[in-house]
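Heads up, the thing below is written out as structure tokens.
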Amino acid sequence: MGVSQDEIEQLRRGLTGRYVIGAEIGVGGMSTVYRATDIRHGRDVALKLLAGPSVQQFGRRFLREIRITAGLQHPHVLPLLDSGSVGNLHFFVTPFIAGQALSQHLREHGAMMVTDALQLTKQIAAALAHAHANNIVHLDVKPANILLSDGHAIVADFGIARAVSEDCADSSGFGVAAGTPSYMSPEQVAGSSCLDGRSDVYSLACVLFEMLTGQPPFGDESSTSVLSRHLHADPPSAKRQRPSVPRYADHAIVRAMAKDPADRYPSMGAFAMALEPRPWVPVTRRSLFRVPRRLRVAGASIAVAALSAFGFGVSKMAADAPVEEHVNPLAAELDEVGDVPMANTEVAKPASPVMPC
């Protein structure tokens with residue numbers, strides 16, 4: 001899909017005095033993005049344009065993206081600065097990000113440092129948690145829709161985002177798979193209309209897997225085999241492919257990619273918390289006495305009871321053991337002929353059990 005030269009000229013004339021349209025910097029599934037200059041504020045911006053045949057096909061989706069983006073205000077969400085129409089051309093304006101998309105970074109540099117990948121994931125999770133709090137699910141979380149600027153992640157392109165519907169019968173135009181195959185949740189692949197934030201949790205786990213290993217969990221080709229693996233294959237282990245991945249992060253990815261949404265983390269916040277390292281804290285006398293007194297007393301009582309039971313067991317074993325007799329040889333010999341009574345026989349007393357201190 002492209003924008004004709006006549007349409008670009010129409011846009012330039014309609015925005016004279018407001019924006020100077022520059023070079024094309026990106027083409028998406030339903031729009032084209034241009035670098036532009038905001039004359040009034042003297043800043044570089046990105047102008048996203050819907051024109052040509054796309055107006056009829058994607059017009060409602062484009063306007064929905066404008067409404068959704070306008071309602072989200074978060075440091076890690078690409079904000080909306082302006083929007084409008086020139087004739088049959090629809091556009092909206094966002095800040096121009098001087099960095100690059102995460103997808104380009106991964107193509108050029110491969111897998112990221114573990115700490116950087118985890119930090120970016122938590123930033124993305126915070127942005128998506130904000131969208132979910134506003135009843136919006138993104139549904140197209142992927143490296144191409146994550147911009148990097150000075151080491152920070154910015155979530156962009158809410159083009160297929162939708163409001164979470166309490167009535168699953170209301171599909172709002174869905175019912176077919178929507179998203180990018182390498183990052184789609186099983187319920188997206190199945191075309192379910194009951195989609196919520198847990199679908200984004202799944203997709204973000206796929207993105208984290210790629211940041212850690214250099215490739216999506218089930219491959220990067222757009223084919224039915226990838227979609228089938230999302231539906232049926234067990235989540236792969238990032239740690240198995242890269243041993244330096246922390247075990248807790250590997251476990252978090254596997255759980256976030258559970259086939260059943262009910263088995264995943266219930267929220268983006270919970271997923272982000274699972275990506276925090278587990279500190280090892282040694283047990284000291286000071287930390288022990290931070291335990292509530294009632295728990296310490298109960299623990300001491302259990303310990304005393306256990307020790308008492310152990311001591312009783314030792315005593316019983318000693319009492320039940322056969323008595324070992326030590327007989328004077330001469331007395332025994334005389335006793336056989338009846339000259340010495342058995343009262344002279346020496347019997348060893350059993351040793352007293354030693355109680356544990």
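Quick one: which of 15, 106, 80 is touching a strand residue (DSSP E or B) at 6+ places or on another chain (Cβ under 8 Å) and touching a residue at least 24 places away in the same chain (Cβ under 8 Å)?
Going through 15, 106, 80 in turn, the sole match is 15.
Quick one: in the stretch 93-118, of everything that is open to solvent by less than 20 Å² (accessible area, probe 1.4 Å) and touching an Asp or Glu at 6+ places or on another chain (Cβ under 7 Å), which residue is nearest to residue 13 (Cα to Cα)?
93
Could you list, in sequence order, all residues of the stretch 119-144 that are open to solvent by 40 Å² or more (accessible area, probe 1.4 Å), of a type in the set (S, T, N, Q) and at negative phi?
Result: 119, 134.
Being within 18 Å of residue 187 (Cβ to Cβ) and in contact (Cβ under 8 Å) with a residue 12 or more places away in the chain narrows it down to one residue among 235, 246; which is it?
235
Looking at the stretch 252-265, can you tell me whether even one residue there is open to solvent by 50 Å² or more (accessible area, probe 1.4 Å), assigned to a loop (DSSP other than H, G, I, E, B), within 20 Å of residue 144 (Cβ to Cβ) and modelled with pLDDT of 95 or more? Can you show your working first?
Within the stretch 252-265, the subset open to solvent by 50 Å² or more (accessible area, probe 1.4 Å) is 254-255, 259-260, 262-263.
Restricting the remaining residues to those that are assigned to a loop (DSSP other than H, G, I, E, B) gives 259-260.
Narrowing the set further to residues that are within 20 Å of residue 144 (Cβ to Cβ) leaves none.
No, the conditions are met nowhere in the stretch 252-265.
If I filter the stretch 21-58 down to residues being of a type in the set (S, T, N, Q) and within 34 Å of the chain's Cα centre (by Cα), which single residue comes out as farthest from residue 159 (Cα to Cα)?
32
Considering only the stretch 88-112, how many residues are part of a loop (DSSP other than H, G, I, E, B) and either more than 22 Å from residue 74 (Cα to Cα) or basic (Lys, Arg) (or both)?
Narrowing the stretch 88-112 to residues part of a loop (DSSP other than H, G, I, E, B): 88, 96-99, 110-112.
Checking the rest, the ones that are also either more than 22 Å from residue 74 (Cα to Cα) or basic (Lys, Arg) (or both) come to 88, 110-112.
Adding up the residues that qualify gives 4.
For the stretch 166-238, please list each of the helices (runs of 4 or more DSSP H) lying entirely inside it that holds at least 1 residues being at pLDDT 95 or above, of a type in the set (Phe, Trp, Tyr) and crowded, with 19+ Cβ neighbours inside 10 Å.
197-213
The values are calculated or read from the model by the stated rules, or taken from the named source; none is laboratory data. In this text the structure is predicted, and so the values were computed from the model without any measurement. In this analysis, Cβ positions are derived from the backbone assuming ideal geometry, glycine residues included, and neighbour counts consider all displayed protein chains. Side chains are part of the model used for accessible areas, which takes the heavy atoms of the whole protein and leaves out ligands, DNA and RNA. Shrake-Rupley method; radii C 1.70, N 1.55, O 1.52, S 1.80 Å.
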